[in-house]
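Notes follow once the structure below has been shown.
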Amino acid sequence: MKMYKFLLSVLFMAIVWTSAAQSEKPASAFTITVNPQSQTDLFEGIGAVSAGASSRLLIDYPEPYRSQILDYLFLPNFGAGFQHLKVEIGGDINSTDGTEPSHMRKKGEENFNRGYEWWLMKEAIKRNPDIILDGLAWGAPGWLGDGKFYSKDGANYFVSFIKGAKKVHNLDIKYIGIWNEREFDPEWIKLYRKTLDENGLSKVKIVAADLNGPPERIWSVAEAMAKDPELAKAIDIIGVHYPHGVTPPSALKLKQEGKRLWSSEDGEWNWTTMNPLTHLRAQKINTNFISNNLTKTEFWSPITSYYDCLPAPQSGVITANTPWSGAFIVGQKLWEVAHTTQFVKPGWFYIVDACKKLPLGGSVVAYTSPDKKEVSIIIETTEASAEQLLELFPDGAFNQQKLNVWHSNQLEQFVRSEDLILKDGKFSIQLKPNCIYSLTTISGQKKGIFSSPAQTAFPLPYTENFDTYQPSAIPKYLCDQGGAFEVEQNPGGGNILRQQIEKRGIDWSESKFAYSVIGDLNWNDIEVSCDIAFENVTAEPELQQKLFMQISARCYNGSTWDAFGKLFPVGYTFRWYANGNWEIGTPNRILAKGKIQNPGTAWHNLKISCKGDKISAFFDNKKVQEITDATYQRGLAGIGCSFDRVGFDNLKVVDIK
């Protein structure tokens, strides 16, 4: 009996071992033939979109940290090495995280030194002379076409931008869009093309229509081009935002006829919360070509240089939004971009037959150099369900004996690995889930390393009288959310800050007033004060009740666009009207209101104090009202006014804990 049990036990263990051995047996390999001389498609680069005031705080960074950040963004074979830079053509309207200044606030007036995009483009070119430049508008000043974007004024506005870029900054804008994520006008696009040609800009190519939304919307311009040969002739590149779904036959046919298809703005977002999704950038780069035949991908944004409490935080590959500390954070997304940009350059080619999705999740994209002698293969297993074996069979001109390997995973990014050696006519690599691999015949890649200083809180007390700035400067750390606040000389001596926009622009986010924010998103018990004066006060009672100045505390928009179009900023705002009325308001409520003296054009001091749930408002150091409200606990300080020329001076923020 004991012997019988022993034999049964041995038999049972043998079955278990056999079963285990069978379950551990690797799945059959997935094979790809890599032949540079087979069908190819032009690779046009990986780019970044500096727009929506996403780069605003970078210019305020001290050296050497500012240059180090720029190296990470644009220096080839060092960091992200973006190969294409698209910038916003500013319109003095809020385009996500703030406003970007216009080069033409009035018809015939031109100023090509406003803002920071000119500076950013020149810094990018210093690091990569081959970088490709592009422009796109989110909105425009209200004078264009008497408020009509698609007008002759609009076409001339873009011509002015392109010519000014060249004349003043020696920048060549090679591509130009129309209107970000707004419906297109086919007849205006034809006028636009004609206007460019008449101004000697026939080589500047038009990208359209930069639409977001469901596939039928983002590709609607291709459907229109298919029906209108003149429109198709005017547009060179079909640009779509956040591509998904299927590229329609109309777009694919246009590509066969010579048009290019781009992801002209991309990223990884939870569209409900507007918080970023992680670890998907390499997947986007690969699958944009495999799934949608897109040969360029541009990500919004290159850098998170806007306060984290503003919409769509953490869009960039680097976070640098505390310039007073010099601190910056290099994100994993930067190295995901580097896995392509350090191995492939614009002008290389996709090896079409070697670009495939993997059976257990992930994708492979193979590229070859223009002379077909070099090969790079980018593999991502971002959402793979298990390990898988990949076998690459070289063919044609691809006859090297080894491949250099770089890899990234959840614990380490952009690390040089052991070379792959050709064996039995193939390269074999075991792919683990949630990894990125770059296999290449070229060398020169590098993981750039700079050390960031420690991040610190915004130093308080903060005071600013604007006297150290040149006229037209934007003061450090102030981020305009509507309108434009710039330094001017004060006839009475020194400088003041002046709000410049007197007519609401052709808007993107429905800004109802001009305001600018500054500080630390963790400020809670603070006192914000500023001297403010109207430049002109009308005698018309109806207009007086629309002219106002204001000061705010605990401004905290949050990641979504819910704050756009509200009558007050998010947080607490003390607003004083030209007719003497005042209000303490939040985006959804007026908490208190009353009437005091008319401000006239004299300078007055406005102050708002937040301590716990006690919110107090003052004018000229006289308490107007104290209320109790606990809706907002922390956030930035802010100043603002109606769309009028209003002066600001002696801005001050004090901790009152």
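The values are calculated or read from the model by the stated rules, or taken from the named source; none is laboratory data. Everything numeric in this text was worked out from a predicted model, so none of it was measured. Note: ideal-geometry Cβ built from the backbone for every residue, glycine included; neighbour counts use all protein chains shown.
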TODO: Tell me, yes or no, whether the range 190-205 has at least one residue that is modelled with pLDDT of 95 or more, touching a His at 6+ places or on another chain (Cβ under 9 Å) and closer than 19 Å to Trp138 by Cβ.
DONE: no
TODO: All but one of (1) on the phi < 0 side of the Ramachandran plot; (2) modelled with pLDDT of 95 or more hold for Gly612, so report the exception by its number.
DONE: (1)
Task: Residues of the range 161-201 satisfying the condition of being within 26 Å of the chain's Cα centre (by Cα) and more than 20 Å from Gly90 (Cβ to Cβ) - done: Glu183, Phe184, Asp185, Ile189
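Take the range 75-111 and flag every residue that is in contact with a helix residue (DSSP H, G or I) (Cβ under 8 Å, 6 or more places away or on another chain) and over 27 Å from Pro129 (Cβ atoms).
Across the range 75-111, the qualifying residues are Asp97, Gly98, Met104, Lys107.
Output the residue which, of all residues in the range 364-395 that are under 24 Å from Asp41 (Cβ atoms) and charged (D, E, K, R), is farthest from the chain's Cα centre (by Cα).
Asp395
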TODO: Can you give me the number of residues within the range 390-409 that are more than 18 Å from Pro433 (Cβ to Cβ) and in contact with a Leu (Cβ under 6 Å, 6 or more places away or on another chain)?
DONE: 2
Open item on the list: Among the residues in the range 362-380, are any surrounded by fewer than 23 Cβ atoms within 10 Å (Cβ to Cβ) and more than 22 Å from Thr441 (Cα to Cα)?
Closed with: no
Task: Residue list for the range 399-439, restricted to those being assigned to a loop (DSSP other than H, G, I, E, B), of a type in the set (A, V, I, L, M, F, W, C) and under 28 Å from the mean Cα position of the chain (by Cα) - done: Leu411, Phe414, Cys435
Task: Number of the exception - Ala338 against (1) farther than 24 Å from Ser38 by Cα; (2) assigned to a helix (DSSP H, G or I); (3) touching a helix residue (DSSP H, G or I) at 6+ places or on another chain (Cβ under 8 Å) - done: (3)
Open item on the list: Every residue in the range 396-412 that is within 21 Å of Asp41 (Cβ to Cβ) and either buried (at least 17 other Cβ atoms within 10 Å of the Cβ) or polar (S, T, N, Q) (or both), please.
Closed with: Phe398
Task: Residue under evaluation Asp308, criteria (1) crowded, with 19+ Cβ neighbours inside 10 Å; (2) touching a strand residue (DSSP E or B) at 6+ places or on another chain (Cβ under 7 Å); (3) part of a loop (DSSP other than H, G, I, E, B), criterion not met - done: (1)
Open item on the list: Whether any residue in the range 401-409 is over 14 Å from Val364 (Cβ atoms), in contact with a Pro (Cβ under 8 Å, 6 or more places away or on another chain) and polar (S, T, N, Q) is what I want to check.
Closed with: no
Task: Those residues of the range 211-270 which are basic (Lys, Arg) and closer than 16 Å to Thr295 by Cα, in sequence order - done: Lys253, Lys255, Lys259, Arg260
Task: Hits in the range 161-197 - residues which are in contact with a strand residue (DSSP E or B) (Cβ under 7 Å, 6 or more places away or on another chain) and either free of Cβ contacts under 8 Å to residues at least 60 places away in the same chain or among the β-branched types (Val, Ile, Thr) (or both) - done: Ile162, Leu171, Asp172, Ile173, Lys174, Ile176, Ile178, Trp179, Phe184, Ile189, Tyr192, Arg193
TODO: Select from the range 230-282 the residues that are among the aromatic types (Phe, Trp, Tyr) and free of Cβ contacts under 8 Å to residues at least 60 places away in the same chain and write down the one among them that is surrounded by the fewest Cβ atoms within 10 Å (Cβ to Cβ).
DONE: Trp271
TODO: Tell me, yes or no, whether the range 559-570 has at least one residue that is out of contact with any Pro (no Cβ under 9 Å at 6 or more places or on another chain) and either farther than 19 Å from Gly483 by Cα or hydroxyl-bearing (Ser, Thr, Tyr) (or both).
DONE: no
Task: In the range 326-347, residue nearest to Thr31 (Cα to Cα) [restricted to those that are small (Gly, Ala, Ser) and crowded, with 18+ Cβ neighbours inside 10 Å] - done: Ala338
TODO: Starting from residues that are of a type in the set (Val, Ile, Thr) and either touching a strand residue (DSSP E or B) at 6+ places or on another chain (Cβ under 8 Å) or modelled with pLDDT under 95 (or both), keep the ones in the range 126-160 and report whichever is farthest from Gly91 (Cα to Cα).
DONE: Ile131
TODO: Test Glu181 against the stated conditions and say whether it is of a type in the set (D, E, K, R) and either over 19 Å from Leu85 (Cβ atoms) or not in a helix (DSSP H, G or I) (or both).
DONE: yes
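For (1) out of contact with any Ser or Thr (no Cβ under 8 Å at 6 or more places or on another chain); (2) assigned to a loop (DSSP other than H, G, I, E, B); (3) assigned by TED's automatic domain parsing to the domain that holds Asn180, each residue gets a yes or a no:
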position: Arg217; (1), (2), (3): yes, no, yes
position: Glu223; (1), (2), (3): no, no, yes
position: Gly239; (1), (2), (3): no, no, yes
position: Leu261; (1), (2), (3): no, no, yes
position: Ser264; (1), (2), (3): yes, no, yes
position: Thr273; (1), (2), (3): no, yes, yes
position: Thr278; (1), (2), (3): yes, yes, yes
position: Gln283; (1), (2), (3): no, no, yes
Task: Top-ranked residue in the range 125-176 [being in a helix (DSSP H, G or I) and small (Gly, Ala, Ser); ranked as nearest to Met104 (Cα to Cα)] - done: Ser160
- [ ] Run Tyr350 past the list (1) closer than 16 Å to Phe414 by Cβ; (2) buried (at least 21 other Cβ atoms within 10 Å of the Cβ); (3) of a type outside the set (A, V, I, L, M); (4) touching a residue at least 60 places away in the same chain (Cβ under 8 Å) and report the number of the one that doesn't hold.
- [x] (1)
Task: Close pairs (7 angstrom Cβ cut-off, 6 or more residues apart or separate chains): within 13 Å of Ser438 (Cβ to Cβ) in the range 371-389, part of a loop (DSSP other than H, G, I, E, B) and modelled with pLDDT under 95 anywhere - done: Val375/Phe398
